[in-house]
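One structure is given here, and the rest of the page talks about it.
The values are calculated or read from the model by the stated rules, or taken from the named source; none is laboratory data. None of these values were measured; they are calculated from a predicted model. Neighbour counts run over all protein chains shown; Cβ positions are idealised from the backbone, glycine included.
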Amino acid sequence: MSPAKYNRYANTTDITVKDKSVISKKTIEQMSNSDINALISMGKEKRFFDHIPAPMLATLVDKPFDAEGWLYEIKWDGYRTLAFMNNGNVELKSRNNKSFSEKFYPVHDALREKKLNAVIDGEIVVVDDNGHANFGALQNWRSEADGTLLYYVFDILWCNGYDVTRLPLTKRQQILRGILKEDDIIKVSQAFKTSGIEFLKAARSMGLEGIMAKREDSTYQTGIRTKDWLKIKANKRQEVIIGGFTRNADTNKPFSSLLVGVFNKGKLVYTGKIGTGFNIQMQKEMMQQFRPLITGKPPFAEEPDVNKPGRFRPDPPKATATWLKPRLICEVSYAEITTDGVMRHPSFEGMRGDKAPKAVRLEKETHVEDIPEVANAANINIVAPVKSGRKTLLNPSEETQVKKINGHELKFTNLSKVFWPDIKGTKRDLLNYYYQVGPVILPYLKDRPMSLNRYPNGINGKSFYQKDFTGKIPDWINTYLYHSEADDRDRNYIVCKKEEDLLYMANLGSIEMNPWSSKEQTPDNPDWCVIDLDPGKNSFEQVIECARVTRKVLDTLGVPSYCKTSGSTGLHIYIPLGRKYTYEASKEFGRIIATIVNRELPGFTSIERLTTKRKGKMYIDFLQNRPQATLAAPYSVRPKPGATVSMPLHWDEVKKGLKMSDFTLYNAVKRISKIGDIFIPVLKKGIDLKKVMKALDRW
């Protein structure tokens, strides 16, 4: 992908207010209250919006939590709806771009009366006399006689013709409250700064569907399922495809149960029978939808046995199945899903017409502990710390020591040799550190070819790189044969497998650990994409600013990112790829991100490869995303004064006052023991580059 294709992503988003002042994209996130008030009170604008955005989507998590920096809202049991308003012209759109303007005409008419110029996001619901949303009543709603229709609005994407999606949630809410006046139909959904655990308890007691948790500083990421918004359900609910229905031999009802499933890899997978939740009148109305879809072939990947005996019904009714083309969606509540993928005690909640059938997949809960932004704010230890009780490997006196590790004998020599003269740090200190931190650093080294930068006489002595270890290492150490096209030469790289390999390399004077971004099993597919921020002549405060802007760009795209100190002078930002893409794809994605960040900070950053062309500016390096390129691994010691360590950081630590000297060989183990390995998500499920590129197109 050519960077030129993405020039438009750096276009300035200027907001011109009545007093002719300008808020540029560089300062939009620091809008003052007066700026926001001016934006709210602007007159009519010629420009409305450039494209039809898709709504931002939330991630389902397994339990509530209490954390700083999060707001909580009621999860309304209705139809997600974007309202496009342009001075009296109103269009209501579902999440799959179907029009709701005629179906829910009271909402349409109420918004038209407001004569606003905005795009807002919310949920249309039908409420009972107690104010509780009734999803089944919403599906059957035809007129005011069928129930009270409300539109709960919780976000705003555009205001007076200008994109406000890049503002933090709290400022978007301020704008929303400023322009939208409530009435009998239009309501502003209230956000609470409270305990998420207690809020869910209250929601359950009120019979509500669940709650939403939203990061206060989150931007609005159109069309992205993000972890900045989390949904926590009071009870288990799932959208399913209706693939058929059964009729028992002894029934007078239109049908006895629905046969439902979800899509998985393009195939409809059966998830069970629904036999409750509908009355005769509802069944008659549903049959009108079923008849045009009747087919002689079951739509499921495997035809379900509709008369299969069950644990609680050993003598099932004699039922016949009628198959339907997989076009209709309904929502079901259930107790749990069995090991064979079937729902227990499912109950029909209502039909859905606001989503494409192919998009219906089994929604799996994400563990709250696996979401760093929650875990960090709530002080949840999301990973196992260094093994308790693991002390030092080597005693403080003997110069040469032999240790057997996992059955392999290692001889450690010259242990009192000073590697860091400024602090009198020794080779023994280095080996003890790697022994203690081994369980945490090994996941980033395992199965990866290693480039060794050896310092046999410490950081002030002569050093040299070694990549080829043909015939020079014990036979229990694995190697990876790589043929270099550049010099037409074969090299056998050390491949780190276990802690004895790690300690062997450290004993050679390899202070830092430099692994490939890919494993030997998938050498062309890296686990991560990395943005390397090298300050050059810039201050470290500017490196920090650049890192924070990089994170905001990635947040806007729905891309998770993880930052660590380089241990030298800069910062490294990692993006998980999950070994799904090539180095070339990783490099080009890095180029796009670097280009956007450079255009956000043109005053002191550069993406010029040649130093002479940078003019002293900080280099945003994306070229590290190429085969054989290496960076110091997380938790690696560096051959720098003070024995600094490349340390993973919480994003809230990336701020003014951060110093490279904060993390050294002598304090790193204590930190890791306390907070665990916060970098481990880098090795888990990677991003979906196709979705990210679509988000770039919408940006």
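Things worth noting here:
- Put simply, of Thr322, Thr339 the only residue that is in contact with a strand residue (DSSP E or B) (Cβ under 7 Å, 6 or more places away or on another chain), in the same structural domain as Phe263 (by TED's automatic domain parsing) and either at pLDDT below 90 or assigned to a strand (DSSP E or B) (or both) is Thr322.
- Some residue of the stretch 276-289 being under 41 Å from the mean Cα position of the chain (by Cα), touching a residue at least 60 places away in the same chain (Cβ under 8 Å) and in a strand (DSSP E or B): no
- Pair list, Cβ < 9 Å and 6+ apart or interchain, from the stretch 498-521 residues that are touching a residue at least 12 places away in the same chain (Cβ under 8 Å) and more than 19 Å from Ile405 (Cα to Cα) to residues that are of a type in the set (Asp, Glu) and in a loop (DSSP other than H, G, I, E, B): Ser517/Asp527; Ser518/Asp524; Ser518/Asp527; Lys519/Asp447; Lys519/Asp527; Glu520/Asp447; Gln521/Asp447
- Answer from Val549, Val530, Val543 - the residue that is over 26 Å from Ile441 (Cβ atoms) and among the β-branched types (Val, Ile, Thr): Val549
- Single match in Thr226, Thr222 (criterion: touching a Pro at 6+ places or on another chain (Cβ under 7 Å) and either under 22 Å from Leu116 (Cβ atoms) or crowded, with 19+ Cβ neighbours inside 10 Å (or both)): Thr222
- Just one of the listed residues (Ile224, Ile294) is over 20 Å from Thr366 (Cα atoms) and in contact (Cβ under 8 Å) with a residue 24 or more places away in the chain, and it is Ile294.
- Residue match in the stretch 98-111 (condition: in the same structural domain as Tyr79 (by TED's automatic domain parsing), modelled with pLDDT under 95, among the aliphatic types (A, V, I, L, M) and within 24 Å of Leu176 (Cβ to Cβ)): no
- Odd one out for Lys171 among (1) touching a helix residue (DSSP H, G or I) at 6+ places or on another chain (Cβ under 7 Å); (2) assigned to a loop (DSSP other than H, G, I, E, B); (3) basic (Lys, Arg): (2)
- Here Asn538 clears all of (1) outside any helix (DSSP H, G or I); (2) at pLDDT 95 or above except the condition numbered (2).
- The stretch 229-251 - residue that is of a type in the set (D, E, K, R) and in a loop (DSSP other than H, G, I, E, B) and, of those, surrounded by the most Cβ atoms within 10 Å (Cβ to Cβ): Lys236
- Any hit, the stretch 486-504, residues being hydroxyl-bearing (Ser, Thr, Tyr) and part of a strand (DSSP E or B): yes
- Condition check for Asp429: closer than 30 Å to Arg671 by Cβ, in contact (Cβ under 8 Å) with a residue 40 or more places away in the chain, among the acidic types (Asp, Glu) and surrounded by fewer than 19 Cβ atoms within 10 Å (Cβ to Cβ): no
- Top-ranked residue of the stretch 654-699 - restricted to ones that are in contact with a Gly (Cβ under 9 Å, 6 or more places away or on another chain) and assigned to a helix (DSSP H, G or I), ranked as farthest from Arg638 (Cα to Cα): Arg698
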